[in-house]
Amino acid sequence: MKFPTTPEDLKNELFNSVDKINQVGDLRIRQLIQILPKVSDEIIIEGIIQVFEDENRVDSVYTDQKYAGIILKKLNPKTEESAASILSRTLKNWNKSVEELPFWMKDNYGIESVKQVFSELEKTNLTSLESEKLKTMKRFLGIKS
């Protein structure tokens with residue numbers, strides 16, 4: 001396993017780990033999580049966002065995002081990137097079964113800030129799929145429509 005020094009390294013290590021789940025179970029994912037505290041939060045966040053943005057791995061998108069979400073939950077990395085930016089980057093491809101992303105956003109930005117971002121995003125030209133995903137995030141977080 002390569003120590004991730006860039007967001008792309010982290011994304012690639014996570015993808016490689018997911019690809020090897022049938023051979024070694026989640027061992028590589030657990031090993032990755034063990035070394036990530038030595039990696040800067042900004043590299044972790046950007047790498048995780050890139051996992052959520054990736055549209056090329058359609059056969060493993062849920063598993064990729066599930067483990068990305070587990071990393072967010074276990075490490076709770078902090079970022080200065082705005083909630084609006086992260087949401088706009090991840091909403092389109094976010095798998096609605098991965099609840100860790102909205103909960104991490106709530107933990108990182110606070111519920112009021114997340115509510116505001118959701119409200120502002122609802123006023124934009126979202127696709128019906130994006131609107132449905134936003135409703136799911138709100139439901140996870142107990143935000144009334």
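The values are calculated or read from the model by the stated rules, or taken from the named source; none is laboratory data. Computed from a predicted model, the values in this text were never measured in an experiment. Heads up, the Cβs are rebuilt from the backbone with ideal geometry, glycines too, and the neighbour counts pull from every protein chain shown. Side chains included, ligands, DNA and RNA excluded: accessible areas come from the protein's heavy atoms. Shrake-Rupley method; radii C 1.70, N 1.55, O 1.52, S 1.80 Å.
Of note:
- For the peptides 44-51, 57-64, the ranking by mean Cβ contacts within 10 Å, running from highest to lowest, is 44-51, 57-64.
- Gyration tensor verdict on the range 54-107 (Cα atoms; rounded if a/c is under 1.5, prolate if a/b is larger than b/c, oblate otherwise): oblate
- Helix-only [θ]222 nm of the chain, DSSP H runs n ≥ 4, -39500 (n - 2.57) each, per residue, nearest 500: -20500 deg cm²/dmol
- The candidates Thr6, Thr136, arranged from most to least accessible area with a 1.4 Å probe in the full protein assembly, appear as Thr6, Thr136.
- Rg and Dmax of the range 49-139, both derived from C-alpha coordinates alone, stand at 12.4, 35 Å.
- Enclosing the Cα atoms of the range 9-61 in their convex hull gives a volume equal to 64 cubic angstrom per residue.
- Around Asp54: net Lys/Arg minus Asp/Glu count, Cβ-Cβ under 15 Å: -4
- Farthest toward the positive end of the dipole of the chain, out of Ile21, Asn56, Leu36, is the Cα of Ile21, where the dipole comes from beta carbon charges about the Cα centre.
- Cα extents for the range 94-145 along the principal axes, largest to smallest and rounded to whole angstrom: 27, 23, 16.
- Most to least packed among 94-106, 24-36 [average Cβ atoms within 10 Å]: 94-106, 24-36
- Computing FRET efficiency as 1/(1 + (r/R0)^6) for Gln31 and Glu132, where r is the C-beta to C-beta distance and R0 is 30 Å, gives about 0.25.
- One Cα centroid belongs to the range 20-62, the other to the range 80-130; the line between them spans 20 Å.
- When you restrict to C-alpha pairs under 8 Å that are six or more residues apart and normalise by the size of the chain, the relative contact order lands at 21 percent.
- Taking only the C-alpha atoms of the range 1-118, the Rg (one decimal) and the largest Cα-Cα distance, Dmax (whole number), read 13.5, 44 Å.
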